[in-house]
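Written below as structure tokens is the structure these notes are about.
Derivation of every value follows stated rules applied to the coordinates shown; laboratory data play no part. Since the structure is predicted, the reported quantities are computational estimates derived from the model, not experimental observations. When we count neighbours, we look across all protein chains shown, and the Cβ atoms used for this are built from the backbone with ideal geometry, even at glycine.
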Ligand code: 5GP
Ligand code: ZN
């Protein structure tokens, strides 16, 4: 069994509040939400992070944006939201399976902390 928590969620081996899943991507609620809407969208295939993406990942990674739009609409935050991909510990990446954060439901500041 993999020790990657997001692989386990994708494969149904760990609990999560899954909102969307197809053959390429899975979306689920973040366990520690940082905003009223905080959803993670991940490629089903294990990619460590943004620094490890390859050209053959482009179609799947593009789909992260499409699913983000659909989920943002579903949760009523389509007018504004923030999409975040942290890469590396010092940038805030704590799970080494590439994931896009969809944050919505409150105002955001720029630059981020
Ligand atoms: P990162 O810090 O790597 O950009 O984001 C990782 C996110 O995954 C964090 O917001 C954290 O709350 C979330 N997370 C970590 N473990 C789990 C888990 O087991 N289930 C869910 N649903 N979210 C998790
Ligand atoms: Zn993984």
Review point. Looking at (1) assigned to a loop (DSSP other than H, G, I, E, B); (2) crowded, with 16+ Cβ neighbours inside 10 Å; (3) touching a residue at least 60 places away in the same chain (Cβ under 8 Å), can you tell me which one residue 95 breaks?
Key: (2)
**Study point:** Qualifying positions in region 98-113 - more than 21 Å from residue 45 (Cα to Cα), part of a loop (DSSP other than H, G, I, E, B) and touching a strand residue (DSSP E or B) at 6+ places or on another chain (Cβ under 6 Å)
**Key:** 105, 108
Review point. Do you know which residues across region 1-30 are within 13 Å of ligand 1 (Cβ to nearest atom) and within 18 Å of residue 85 (Cβ to Cβ)?
Key: 4, 5, 6, 7, 9, 10, 26, 27, 28, 29, 30
Review point. Looking at region 35-47, which of the residues that are within 11 Å of ligand 1 (Cβ to nearest atom) and within 13 Å of the chain's Cα centre (by Cα) is farthest from residue 104 (Cα to Cα)?
Key: 42
Check your understanding: Within region 64-83, is there a residue that is crowded, with 17+ Cβ neighbours inside 10 Å, touching a residue at least 12 places away in the same chain (Cβ under 8 Å), farther than 20 Å from residue 3 by Cα and in contact with a helix residue (DSSP H, G or I) (Cβ under 6 Å, 6 or more places away or on another chain)?
Key -> yes
**Study point:** Residue that is over 15 Å from residue 6 (Cβ atoms) and surrounded by 14 or more Cβ atoms within 10 Å (Cβ to Cβ), where the choices are 49, 105
**Key:** 105
